[in-house]
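Enquirer: Okay, here's the structure, questions in a sec.
The values are calculated or read from the model by the stated rules, or taken from the named source; none is laboratory data. Owing to the predicted nature of the structure, the values given are computational and were not obtained by experimental measurement. Cβ placement follows ideal geometry from the backbone for every residue including glycine, while neighbour counts extend to all protein chains displayed. Surface areas here come from the heavy atoms of the whole protein model, side chains and all, with no ligands, DNA or RNA. Shrake-Rupley method; radii C 1.70, N 1.55, O 1.52, S 1.80 Å.
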Amino acid sequence: MLKINDLHASVEDKEILKGINLEVNAGEVHAIMGPNGSGKSTLASVIAGKEEFEVTKGNVVLDGEDLEDDAPEDRAHKGVFLSFQYPVEIPGVSVTNFMKTAINESRKAKGLEDMPANQMLKLIREKAEMLEIDRKFLSRSLNEGFSGGEKKRNEIFQMAMLEPKLAILDETDSGLDIDALRIVANGVNKLKSKDNAVIVITHYQRLLEYIVPDFVHVLHNGKIVKSGGKELALELEAKGYDWIKQEATV
Amino acid sequence: MAYTEEELKKELETKEYEYGFYTDIESDTFPKGLNEDIVRAISKKKNEPEWMTEWRLEAFRIWEKMEEPEWANVNYEKPDFQSISYYSAPKKADPNKSLDDVDPELLEMYRKLGISVDEQKKLQNVAVDIVVDSVSVATTFKKTLAEKGIIFMPISEAIQEHPELVKKYMGTVVPKTDNFYAALNSAVFTDGSFCYIPKGVKCPMELSTYFRINEGGTGQFERTLVIADESSYVSYLEGCTAPSRDENQLHAAVVELIALDDAEIKYSTVQNWYPGNAEGKGGVYNFVTKRGICENNSKISWTQVETGSAVTWKYPSCILKGNNSVGEFYSIAVTNNFQQADTGTKMVHLGKNTKSTIISKGISAGKSQNSYRGLVHIGSRAENARNFSQCDSLLMGNECGAHTFPYIEAKNKTAQIEHEATTSKIGEDQIFYCNQRGIDTEKAIALIVNGFSKEVLNKLPMEFAVEAQKLLEISLEGSVG
């Protein structure tokens, strides 16, 4: 589904990704771990098409199509979803209104009519229930005054609404207490199918106890320096990242 | 919703000012320049009684001695008042004729403006008075309103038909001596709307005036007078457009509202005068004086959506004279390209237990400058007066400016005054967040701006809220990225 080939990307002439290779197939869960500043969030942003980053070499291919010329919204229409590490606030725009706009814009891109209001409401109700989201929450301004946990839960709610092909969860576990973590992880697990894929970016093994990855990759200094199964995450948890850094410099 | 997504999209593609057409109607225009003879000639043209002519002349003499104000945070080339024609009328307009007799070219213009004057296809529950250049062309729903004793007609007709009301109230809220433009307007106003709601009557429909400058080299000086008698209610809306022209056109209106005991007036404006082109050439100078007076237990609420004009100078205000009276001001002012707006309100608390609320939302894009200027005055006898002001500014890009000038004068210790202000910027992060959810940049801006303006948009009558929302989107097109 997703194929990343020798991807190099920089911001303001500073190279951050230095040759990433990664292949993600439908039905798989990949975890990307690594120390601070290794390029994890940059990788997520580059896949989503953030313009601030310049791809200097290599490419990102989704379902055989190079995404190079696609604007972020085109990529979203093709099924790329990014759960943000720091979701932004949009005052005065309710969660419901935002979702309605997002869904209808994606439908429009596919040549479909707007989703009828009753169908939209039903979908919202269903997904909110799944993520144990209070109805009142949906009429609040997007992320405004949300707690860290509420923001992350709202991200996963949006993922549930948009049903992406490829979901990238960027540090979704940060700021979540253990109950919220369980709810969010359960949500993600319910959304998983043989047709979609999930990339989980995290510092800690904690989230991976709930969302069990098929593959774990360690990113260091803009490169994937080690890949393995879910046991690699445990090893990292026990030993820290220093041994990886040493291994990588040898 | 009156607009489908497709229509909206098509609308968004047209970057030009959409009301920029000029209709070729034969018009009767005075020679340029201003002197006592011109003032007399206007009065004569209108077949006015002697007292009105004298009133105008007095205003003219006051104006002659006044200087154009300089204190506003705007820069523009001062209009040459001798190179403006002070009277222009579409020749075939005759207010006494029925709609069937209206010049078909005029009707075509209304169609372009999106107004149907045809009673068959009338706007739902909206009575419209349309002022083109200097005269009022058609007033719909006169009969329905008359049954309730409501008077809604061009002010020139009111001077003839209801001189006692005009004489009693005109100039009582905005005196001739008030300011330079108000004095000018008092001397040369050519038309506008007059509205009187009798005691205890709730006006059953929105009353609306649509102003249009058509002829080149003319100014528009309309005068609106709304009187809500005791325990009555009226909701009034005005809309404004002008053709795109290279030269600057002057619009200097006066609006006076009178809310007698227990009355309520809701006055909404969607102002979309031509703002000039992307290089800052042309556009309307909008120098307007709007003020209302509240007697006991009455309420005046101003709501304005200002997207047009090259220069805006406008402070819809409330004099809270009566005890327990309430003043409200809700404003959205959008400036793009080289537009300049200096707008706000004055809340003058004179009576006891008076309350005022000010919500101002300024949106600046391009190289524009957007200023909020507001005065909250609490008089010495205004026990327990309360004011809440909130001024929010939203910036788009790095070349525009937002300014806030709040003035507070409290002469009574029991006053409670709150002022909140915020400035924010539409961030790339916000745009990217929307993009990532499949919402393109244009739509994302519209969404963010609408969210920002929501508190004010909610105050507009439903059908106009949709129009205003659409206007906001059009005015800000192409302003980011």
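Enquirer: Averaged over its residues, how many other protein chain Cβ atoms are within 10 Å of peptide A:137-146's Cβ atoms?
Expert: Across the residues of A:137-146, the mean count of other-chain Cβ atoms within 10 Å is 1.
Enquirer: What FRET efficiency comes out for the pair B:Asn398/A:Glu52, r = Cβ-Cβ distance, R0 = 22 Å, nearest 0.05?
Expert: Approximately 0.85, to the nearest 0.05.
Enquirer: Let me ask something else. Are there GluC sites (Glu not before Pro) in segment B:276-337 that DSSP puts in a loop and that have at most 16 other Cβ atoms within 10 Å, and which ones?
Expert: Loop-located and lightly packed - B:Glu279.
Enquirer: Still on this structure, I have one more. Please work out the C-alpha center-to-center distance from segment B:357-397 to segment B:409-463 and express it in whole Å.
Expert: Cα centroid to Cα centroid, the span is 14 Å.
Enquirer: In the protein assembly as shown, if every C-alpha pair distance is counted and binned at 10 Å from zero, what percent goes to each bin?
Expert: In order of increasing distance, the bins hold 3, 13, 21, 21, 15, 11, 9, 5, 2, 0, 0 percent.
Enquirer: What are the lysines whose alpha-carbon lies under 17 Å from the alpha-carbon of B:Lys290, with same-chain residues fewer than 8 places away excluded?
Expert: Straight-line reach from B:Lys290, under 17 Å: B:Lys176, B:Lys266, B:Lys299, B:Lys314, B:Lys321, B:Lys346.
Enquirer: Read phi for every residue in segment B:442-455 and hand back ³J(HN,Hα) as whole Hz from Karplus 6.51 cos²θ - 1.76 cosθ + 1.60, θ = phi - 60°, with x for Gly and Pro.
Expert: With coefficients 6.51, -1.76 and 1.60, one gets 4, 5, 5, 5, 4, 5, 5, 5, 4, x, 4, 8, 3, 4 Hz.
Enquirer: Local charge sum around B:Glu399 (other residues, Cβ-Cβ under 15 Å, Lys/Arg +1, Asp/Glu -1)?
Expert: Surrounding charge for B:Glu399 is +1.
Enquirer: What number comes out for the charge environment of A:Val11, summing +1 per Lys or Arg and -1 per Asp or Glu over other residues with Cβ under 11 Å away?
Expert: After counting each charged neighbour, the total is -4.
Enquirer: Please give me the summed charge of the neighbours of A:Tyr204: other residues whose Cβ is under 11 Å from its Cβ, Lys and Arg +1, Asp and Glu -1.
Expert: So the environment of A:Tyr204 carries a net charge of -3.
Enquirer: Just read off the accessible area of A:Met1 with the full protein assembly in place, 1.4 Å probe, to the nearest 10 Å².
Expert: 40 Å²
Enquirer: Give the lysines whose C-alpha is closer than 20 Å to that of A:Lys57, dropping any in the same chain fewer than 8 places away, or say none.
Expert: The qualifying lysines are A:Lys3, A:Lys14, A:Lys18, A:Lys40, A:Lys223.
Enquirer: Express in whole angstrom the spacing between the alpha-carbon centres of segment A:66-114 and segment B:275-352.
Expert: Using only Cα atoms to place each centre, the spacing works out to 37 Å.
Enquirer: What ³J(HN,Hα) values, in whole Hz, does the Karplus curve 6.51 cos²θ - 1.76 cosθ + 1.60 give for segment B:390-405 when θ = phi - 60°, with x put for Gly and Pro?
Expert: Computed from phi, the couplings for segment B:390-405 are 9, 10, 10, 10, 10, 10, 10, x, 10, 10, 9, x, 10, 9, 10, 10 Hz.
Enquirer: Over the whole of A:84-91, what's the average partner chain Cβ count within 10 Å per residue? Rounded to a whole number, please.
Expert: 5
Enquirer: Also: Across the Cα atoms of segment A:2-249, what radius of gyration and what greatest pairwise Cα-Cα distance (Dmax) are found, in Å?
Expert: So, for segment A:2-249, Rg and Dmax equal 18.0, 58 Å respectively.
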